[in-house]
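Let me begin by presenting the structure, written as structure tokens, before commenting on it.
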Amino acid sequence: MIGEPMDNIESEVQAVEVAGSVVSGGSYTSNTRYDAPIRDVLTRLGYLTDDQAARVAGHASERALDFDQAALELGYITTEDLDRAREQLITSMALQDVARRPVSDELVVLSDPASVRAESIRMLRTQVIAQHIKNGRRGLAVVGSADGHGCSWVAANLAVAMSQVGFKILLVDANMRSPRQDQIFGLDPNAPGLSNFLSLQVARPERVVNANVLPGLALITAGPPTSRPQELLSGNRFRDGVNALLREYDLVLFDTPAANTSADALNIGAAAAYALIVGRANHSFYKDISTMADQLAAARCAVVGAVLNEF
């Protein structure tokens, strides 16, 4: 590698601000292919009549809105109605009977909550809430320049820590080259996951969600191995699926493969719109981190901060 090691740390995990502007978030691409399930739930619950649903569909088309947003704009439903409908939709479509093993001790916020490592994760959680979620942003890709920097560890522990304070969290293992979240959370690596959705084996992303892995935390595993992860992650189906999921959770975290081995992390970051860079003390080089930040910016992914990992 070229550059100087990142070895000037004060704590084991430290969030630092990355220079550069942050793109404002909150907009989602309308995609009528994903509207039918939420429309059906709203109708089934009695929040919309068939006539109102038809009017909403027309309004959504005219205004280039998603069906649920069009229903809100017309005043046919309230945000509380929509929240209840989304909750029922996710619960009904998620994987409910997947065999689960105990979670790994790597989840230090559970296994060793009084440790310095767990406290460092909670400090990172505070910054993510203050600088990301409170600004209305919902997507966050966790990326690293090389293997062994701890992206999976940071993503898993941050997801659990966020769920512990009442946020509705989805963790997506988008590392289809060497996935780890199924091991950390005790799930079957061959159960339906992201690869099934992207390869058209499953119609909607909600159908590969493992609901309530922990209270407030859902998980999409990488799924069975695939020979073409980069093609799948660079397609519109991945972006459309991400947009659908962003509307259902307070925060969607994406675990990604190392940026120096493929372009996967850039594709994932572009879909999530925001990224958190993970470096490893005495292993990561400033130039590599800077180059990756520039590449993410070129992919229209705003880098909101960095974590220096010493584990």
Original post:
Do you know which of the residues in region 243-264 that are of a type in the set (A, V, I, L, M, F, W, C) and at pLDDT 95 or above is surrounded by the fewest Cβ atoms within 10 Å (Cβ to Cβ)?
Top reply: Leu251
**OP:** Restrict the check to region 241-253 and report whether at least one residue is out of contact with any Leu (no Cβ under 8 Å at 6 or more places or on another chain), part of a loop (DSSP other than H, G, I, E, B), at negative phi and without any contact (Cβ under 8 Å) to a residue 40 or more places away in the chain.
**Re:** no
Subject >> region 113-131 residues that are under 14 Å from Val304 (Cα atoms), paired with ones that are in a loop (DSSP other than H, G, I, E, B) and β-branched (Val, Ile, Thr) (beta carbon under 9 Å, 6 or more apart) >> reply: Arg125/Val165; Ile129/Val165; Gln131/Val22
Original post:
Right, Gly166: over 18 Å from Val103 (Cβ atoms) and either crowded, with 20+ Cβ neighbours inside 10 Å or in contact with a Gly (Cβ under 9 Å, 6 or more places away or on another chain) (or both) or not?
Top reply: yes
Original post:
Is it fair to say Thr261 is of a type in the set (Ser, Thr, Tyr), more than 20 Å from Leu171 (Cβ to Cβ), part of a loop (DSSP other than H, G, I, E, B) and not assigned by TED's automatic domain parsing to the domain that holds Glu87?
Top reply: yes
Original post:
Which condition breaks for Arg122 when tested against (1) assigned to a loop (DSSP other than H, G, I, E, B); (2) surrounded by fewer than 22 Cβ atoms within 10 Å (Cβ to Cβ); (3) at negative phi; (4) not hydrophobic (A, V, I, L, M, F, W, C)?
Top reply: (1)
Subject >> Test for Ser195: is it in contact with a strand residue (DSSP E or B) (Cβ under 7 Å, 6 or more places away or on another chain) and closer than 22 Å to Tyr249 by Cα >> reply: no
Subject >> Candidates Glu119, Glu87, Glu80 - the one that is charged (D, E, K, R), modelled with pLDDT of 90 or more and either outside the structural domain of Glu248 (by TED's automatic domain parsing) or within 23 Å of the chain's Cα centre (by Cα) (or both) >> reply: Glu119
Subject >> Residues that are part of a helix (DSSP H, G or I), in contact (Cβ under 8 Å) with a residue 40 or more places away in the chain and closer than 25 Å to Arg138 by Cβ, drawn from region 264-308 >> reply: Asp264, Ala265, Ile268, Gly269, Ala271, Ala272, Ile289, Met292, Ala293, Leu296, Ala297
**OP:** Quick one: in region 251-288, of everything that is more than 10 Å from the chain's Cα centre (by Cα) and acidic (Asp, Glu), which residue is farthest from Arg207 (Cα to Cα)?
**Re:** Asp288
**OP:** Select from region 207-229 the residues that are outside any strand (DSSP E or B) and within 10 Å of Ile169 (Cα to Cα) and list them in ascending order.
**Re:** Pro215, Gly216
**OP:** State the number of residues belonging to region 125-151 that are in a loop (DSSP other than H, G, I, E, B) and within 17 Å of the chain's Cα centre (by Cα).
**Re:** 5
Original post:
Which one is surrounded by the most Cβ atoms within 10 Å (Cβ to Cβ), of the residues in region 224-242 that are of a type outside the set (Gly, Ala, Ser) and in contact with a Phe, Trp or Tyr (Cβ under 7 Å, 6 or more places away or on another chain)?
Top reply: Leu232
Original post:
Quick check: anything in region 41-57 of a type in the set (Lys, Arg), under 22 Å from Asn243 (Cα atoms) and part of a helix (DSSP H, G or I)?
Top reply: no
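The values are calculated or read from the model by the stated rules, or taken from the named source; none is laboratory data. Quick caveat: nothing in here was measured; it's all calculated off a predicted structure. Neighbour counts are summed over all protein chains in view; Cβ atoms, including those assigned to glycine, are modelled from backbone coordinates with ideal geometry.
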